[in-house]
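Notes follow once the structure below has been shown.
Read-outs throughout are calculated quantities, based only on the coordinates presented, and are distinct from any laboratory measurement. Since the structure is predicted, the reported quantities are computational estimates derived from the model, not experimental observations. As a convention, Cβ positions derive from the backbone with ideal geometry for all residues, glycine included, and neighbour counts pool all protein chains shown.
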Amino acid sequence: MITIALDAMGGDNAPRAEVEGAVLAARELDVRVVLVGIEATVRQELARHRAKGLPIDVANATEVIAMTDSPSQAFRRKKDSSVHVAARLVREGKADGLVSAGNTGAVMTTVRFILGTLAAVDRPALAAPFPTSKGTVTVIIDVGANVDSKPEQIEQFAVMGEIYYRAIFGTKRPRVALLSIGEEEMKGNELTREAANLLKQTTLNFTGNVEGRDVFNGDVDVIVCDGFIGNVALKISEGVVLHITGLLKTALTSSLSAKAGYVLARKAFKDFRKKIDYSEYGGAPLLGVRGTAVIGHGSSNPNAIKNAIRVAAELCRSKVNEKIDRELAAVALAAKG
């Protein structure tokens with residue numbers, strides 16, 4: 001059974017959302033969960049659920065990293081934080097992967113230094129799934145782990161994202177594209193032009209450049225970019241989703257008076273929300289580290305936590321790290337030859 005260490009103190013709604021999500025995962029998935037946090041607090045929350053007999057354990061951590069903490073200072077000063085303890089469980093082989101909805105910078109810093117990076121990886125990258133108009137998923141990588149990247153690192157991100165897509169979404173040969181300001185090869189900055197030249201020389205199914213408006217149309221599976229641009233795209237998308245759902249909810253409640261019409265519209269609205277609900281995708285894996293790490297949204301609800309645990313378990317079962325190491329080593333060898 002795959003074991004996932006869950007940072008029970010990280011999210012905005014911790015530990016309630018984390019504990020409930022862990023209970024859901026333990027019931028529905030073939031996975032064991034170790035809740036990491038202030039033991040008395042975690043056990044008190046766990047007692048609110050019918051968790052007897054479920055594969056759930058508790059590991060004590062005496063410190064909590066707040067969302068406002070500096071990532072570097074939190075890593076140095078809070079050595080017994082829930083994130084640190086979870087990462088050490090993975091490093092020591094007591095857990096196969098970890099999930100946290102805590103301070104993203106602190107989680108990335110802690111995971112990177114405690115677990116280290118794979119031998120063939122220059123820098124780890126965050127991969128985030130986006131629902132498309134075709135009912136499929138497009139993954140953007142990197143969405144914030146690296147604000148400055150080199151062309152060779154963009155190439156690595158593309159390889160890691162393609163492997164992740166194959167493992168989680170089952171597509172044998174995902175379509176990979178580069179995020180730029182135009183589809184034409186001559187458009188973009190120096191980084192995108194050099195990265196495009198490298199990507200064309202790989203064995204990836206590289207389809208060329210795409211623009212920001214192509215993120216949601218489902219024409220490609222993996223979109224690669226540097227973390228600065230990717231994070232901007234992620235935050236704008238989150239804002240647009242909140243704005244549209246707010247407008248739709250207001251329009252429906254203010255214009256529908258007939259009860260039957262309201263019920264039908266409400267069902268359609270719920271279906272729409274589910275299609276764009278981030279909680280269905282769980283979180284963003286930090287690819288390229290020695291171990292599985294999935295970082296959830298700070299406002300993750302129990303469903304998001306459950307699905308983040310599911311993604312972490314799937315990554316472990318698919319041996320994604322071994323595939324990344326092997327395929328990036330082949331890319332490096334081809335570049336030398």
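Projecting label points 7 angstrom from Cα along Cα→Cβ for K52 and R317 puts them 3.0 nm apart.
Normalised by residue count, the stretch 130-241 yields a Cα convex hull volume of 92 Å³ per residue. Largest GNM mean-square fluctuation across E39, E28, E63, computed for the chain with C-alpha springs under 10 Å, falls on E28. Shape class of the stretch 187-230 from the alpha-carbon gyration tensor: oblate, with a/c at 1.5 or above and b/c at least as large as a/b. The spacing between the stretch 135-170 and the stretch 1-62, judged by their C-alpha centroids, is 29 Å.
Tell me whether the chain comes out rounded, prolate or oblate; compute the Cα gyration tensor, take square roots of the eigenvalues as a ≥ b ≥ c, and use a/c under 1.5 as the rounded threshold. Verdict is oblate for the chain. Extension gain for R43 to T68 (0.36 nm times residue separation, less C-alpha to C-alpha distance): 6.4 nm. In this rough spin-label picture, where each label sits 7 Å from Cα along the Cβ direction, the E194-H243 distance is 3.4 nm. Over the chain, Cα pairs under 8 Å with separation of 6+ residues give a relative contact order of 23 percent.
Here K78 is the anchor, and the aspartates and glutamates within straight C-alpha reach of less than 12 Å, apart from those fewer than 8 places off in the same chain, are E63, D69. The spread of Cα positions in the stretch 72-161, taken along each principal axis and listed from longest to shortest, comes to 44, 30, 25 Å. Considering all C-alpha pairs of the stretch 10-149, those separated by over 17 Å amount to 65%.
The alpha carbon convex hull volume per residue for the stretch 75-114 rounds to 61 Å³.
Here the spin labels are modelled as points 7 Å beyond Cα on the Cα-Cβ line, and at S299 and A329 they lie 4.4 nm apart. Take the Cα of E152, go 7 Å toward its beta carbon, and the backbone nitrogen atoms of the stretch 293-337 under 18 Å from that spot belong to 325-337.
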